[in-house]
Amino acid sequence: MTFRADLHEKARRLKRRVVFAEGTDDRVREAARKLESSGVAEVEVLDEKKPPHFNDAVDLLRRRKPNRFPDDASARKAMDHPAMIASAYVALGLADAAVAGATCPTADVVRAGLSLVGPAPGIKTVSSAFYMVFESRVLTFSDAGVVPDPSEEELAEIARAACRDRRRIVGDEPIVAFLSYSTHGSAAGPRVDKVRAALDIFRKAEPDVLADGELQGDAALVPEVAATKAPGSPIGGRANVLIFPDLDSGNIAYKLVQRLAGAGAIGPILQGLDKPVADLSRGATAEDIFDVAAVAILQSD
């Protein structure tokens with residue numbers, strides 16, 4: 001069974017309900033029909049009409065963000081955004097996962113998720129990952145879509161969130177590489193120091209997870225290179241979670257791997273929220289949307 005087929009089957013077994021924010025989009029409607037017809041999920045598709053639970057969503061927003069929304073008028077205006085109402089459905093327990101972003105930028109989806117759902121316990125940083133699918137393995141690339149220049153604390157949180165989701169989505173144990181242009185002191189500089197500090201923070205928070213850094217990409221992924229460049233590395237060139245030092249490198253890397261190596265790219269997958277609110281690329285196909293919805297279902301487990 002391929003990774004995608006396994007992903008869909010695991011989502012199907014959970015019997016979850018998904019709400020789509022942008023029901024006027026043809027791609028979203030096609031993905032929603034496929035989810036229901038294949039039995040992967042029950043689906044609610046929001047359109048331009050006020051949904052039945054709109055007032056409940058307004059009340060929730062005012063309770064969660066009283067300073068930003070001191071009256072019904074301001075909360076109602078904010079709740080007109082489709083990502084906001086879809087996130088409210090998840091927060092209110094009316095859906096297990098929300099999917100948005102087909103027609104709006106990632107920042108809008110992240111803002112909606114933080115406003116209505118909030119971060120997961122122990123996590124302050126919402127980030128994203130792409131699951132890069134090859135014939136023989138799946139790699140997590142993070143962060144590739146949200147945090148432009150993460151601090152060492154944020155890098156550690158990105159790695160923790162990526163590990164949490166990898167267990168649920170891929171089903172194996174994370175092996176984490178904090179990437180850099182340096183391997184174990186082969187170069188120096190503030191950006192290398194940041195990656196080393198992030199690893200230290202991560203190890204204190206997740207002592208049972210195999211992790212190493214700073215590592216160049218080849219030392220993270222190729223055992224023979226790791227034996228030369230990073231002898232004694234606890235991950236030994238077997239990383240399956242790659243933590244990029246900034247958004248430039250993460251975003252560029254996933255697109256190069258997708259376009260030149262022909263890897264499948266499932267994402268962006270928002271991580272670090274208490275309940276799943278999924279983001280979409282505005283260039284997503286119906287098949288991409290279907291896959292992201294399946295991942296969001298697994299995040300609800």
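The values are calculated or read from the model by the stated rules, or taken from the named source; none is laboratory data. Bear in mind the structure is a predicted one, so any value in this text is a computation, not a measurement. Neighbour counts run over all protein chains shown; Cβ positions are idealised from the backbone, glycine included.
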Out of Ala156, Ala144, Ala129, Ala161, sole residue that is free of Cβ contacts under 8 Å to residues at least 60 places away in the same chain and buried (at least 24 other Cβ atoms within 10 Å of the Cβ) | Ala156
Has region 67-89 got any residue that is touching a His at 6+ places or on another chain (Cβ under 8 Å), surrounded by 14 or more Cβ atoms within 10 Å (Cβ to Cβ) and outside the structural domain of Arg166 (by TED's automatic domain parsing)?
-> yes
Helices (runs of 4 or more DSSP H) completely within region 176-280 that count 2 or more residues being of a type outside the set (Lys, Arg) and over 16 Å from Ala144 (Cα atoms) | 190-205, 217-221, 223-229
Scan region 193-203 residue by residue and report those that are farther than 15 Å from Ala161 by Cα and either crowded, with 20+ Cβ neighbours inside 10 Å or within 24 Å of the chain's Cα centre (by Cα) (or both).
-> Lys194, Val195, Arg196, Ala197, Asp200
Just one of the numbered conditions (1) free of Cβ contacts under 8 Å to residues at least 40 places away in the same chain; (2) more than 23 Å from Ile252 (Cα to Cα); (3) surrounded by 18 or more Cβ atoms within 10 Å (Cβ to Cβ) is not true of Ala230; which one?
-> (1)
Qualifying position, being closer than 23 Å to Leu270 by Cα, out of contact with any strand residue (DSSP E or B) (no Cβ under 6 Å at 6 or more places or on another chain) and not basic (Lys, Arg), among Asp143, Asp218, Asp172, Asp200 = Asp172
Filter region 164-192 for residues that are crowded, with 21+ Cβ neighbours inside 10 Å, closer than 26 Å to Ile297 by Cα and in contact with a helix residue (DSSP H, G or I) (Cβ under 7 Å, 6 or more places away or on another chain) and give the result.
-> Asp165, Ile169, Pro174, Val176
Expected output for region 175-197 (first residue farther than 14 Å from Asp212 by Cβ, partner surrounded by fewer than 20 Cβ atoms within 10 Å (Cβ to Cβ) and at pLDDT below 95, Cβ below 7 Å, 6+ apart or cross-chain) is Tyr181/Ala187
Selection from region 201-227 of residues that are closer than 17 Å to Ala159 by Cα and free of Cβ contacts under 8 Å to residues at least 12 places away in the same chain | Arg203, Lys204, Pro207, Asp208
Check whether at least one residue in region 125-141 is over 27 Å from Thr285 (Cα atoms) and touching a helix residue (DSSP H, G or I) at 6+ places or on another chain (Cβ under 8 Å), and report yes or no.
-> yes
Counting residues that are over 30 Å from Leu155 (Cβ atoms) and charged (D, E, K, R), which helices (runs of 4 or more DSSP H) fully inside region 15-123 reach at least 3?
-> 26-37, 54-64, 72-79
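Each row is one residue, and each column tells you yes or no for (1) at positive phi; (2) free of Cβ contacts under 8 Å to residues at least 24 places away in the same chain; (3) of a type in the set (D, E, K, R).
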residue	(1), (2), (3)
Phe20	no, no, no
Asp25	no, no, yes
Pro52	no, yes, no
Asp59	no, yes, yes
Lys77	no, yes, yes
